[in-house]
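Here is the structure we will look at.
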């Protein structure tokens, strides 16, 4: 296992906060980084495209000011998610902006784009790639990524179907570099569990939806708090790629969660003319199976404080084991 230099001694907990459609904006990212985690957002959340430069400037300015005022604080670096798909006609523009700002970490999804990797490496940035199986992992490593994000069964968003035990074991049989593990991680002891399994960092998204800083409808936040794992539906209908969504939001859209049709993957669209209304299904709300562990709406700072307590309690408990 190895942790890149950019992350060493910068994190209060070994966590990367996953980039979430609509939800992740500078307000959320800044608070996640100030709390000592890696905050991230999808580049496509910044609309129109010109807004991306403004967002990166805002994040960098706020974090630099906070670090200067709190020199002893652990302030995490931020990351930008790039959707590497043929329909994303913003990808070149967005990467040019990321190069201008020397974004510390780029998270790539769908494909490990050599253009993105080369651009990030030109200034010393890192590229972590989302994978759901070994085949995708090997392709990404061959393309030159710096780390793998394992999106396993139960994760929010475009999750896979493999157990974290199974996928992480197979990945570690041929790869010793940085691995980030995602899938129903909502508690501090889950973060420790990811480390014990052999991951370097945990990947957490759903836990931060029910926060004051998240750019989510109040109804979405309330549904996160009220839902359990049985309320999470796995389907490819809404984006063309299988993902986990809240049953209640599907029902509110007039659909039967138990009888959803299959979608045509070839119809995925991430163009700048966007699909924020029809194709991205703004009112269909994603969530991981760990929602049952989220019981109240609070702030990012309070979430991280709780995670730290749970993490340390779990670690102390392990030390007492024979």
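The values are calculated or read from the model by the stated rules, or taken from the named source; none is laboratory data. Keep in mind that this is a model prediction, so the values were computed, not measured. Virtual Cβ from ideal backbone geometry, glycine too; neighbours counted across all protein chains shown.
Worth pointing out:
- Checking each residue in the range 219-236 for being crowded, with 18+ Cβ neighbours inside 10 Å and under 26 Å from residue 83 (Cβ atoms) picks out 220, 221, 223, 224, 232, 233, 235.
- Qualifying position, being part of a strand (DSSP E or B) and under 28 Å from residue 296 (Cβ atoms), among 220, 234: 234
- Hits in the range 70-92 (condition: free of Cβ contacts under 8 Å to residues at least 24 places away in the same chain, over 30 Å from residue 304 (Cβ atoms) and in a loop (DSSP other than H, G, I, E, B)): 86
- Any chance residue 259 is assigned to a loop (DSSP other than H, G, I, E, B), more than 12 Å from residue 287 (Cα to Cα) and at pLDDT 95 or above: no
- Scan of the range 117-145 for residues that are over 19 Å from residue 169 (Cα atoms) and either crowded, with 16+ Cβ neighbours inside 10 Å or modelled with pLDDT under 95 (or both), ordered by number: 117, 119, 120, 125, 126, 127, 143, 145
- Search result, residues across the range 14-58 that are in contact with a strand residue (DSSP E or B) (Cβ under 8 Å, 6 or more places away or on another chain) and either in a loop (DSSP other than H, G, I, E, B) or on the phi > 0 side of the Ramachandran plot (or both): 14, 18, 19, 20, 21, 24, 25, 37
- Residue in the range 184-199 that is crowded, with 21+ Cβ neighbours inside 10 Å, over 11 Å from the mean Cα position of the chain (by Cα) and part of a strand (DSSP E or B) present: no
- Summed over the range 237-256, the residues that are in a helix (DSSP H, G or I) and exposed (fewer than 15 other Cβ atoms within 10 Å of the Cβ) give a count of 2.
- Index of the failed condition, residue 188 passing every other in (1) modelled with pLDDT of 95 or more; (2) in contact with a strand residue (DSSP E or B) (Cβ under 9 Å, 6 or more places away or on another chain); (3) under 29 Å from residue 146 (Cβ atoms): (2)
- For beta carbons closer than 6 Å, sequence separation of 6+ or different chains, a first residue in the range 142-162 that is at positive phi and a second that is assigned to a loop (DSSP other than H, G, I, E, B) and crowded, with 24+ Cβ neighbours inside 10 Å, the qualifying pairs are 154/183; 154/184; 154/288.
- For the range 99-117, a residue qualifies if it is out of contact with any strand residue (DSSP E or B) (no Cβ under 8 Å at 6 or more places or on another chain) and in contact (Cβ under 8 Å) with a residue 24 or more places away in the chain, and the qualifying residues are 99, 100, 101, 111, 114, 115.
- Taking (1) within 16 Å of the chain's Cα centre (by Cα); (2) crowded, with 20+ Cβ neighbours inside 10 Å in turn, residue 34 satisfies each apart from (1).
- Some residue of the range 95-106 being in a loop (DSSP other than H, G, I, E, B) and surrounded by 15 or more Cβ atoms within 10 Å (Cβ to Cβ): yes
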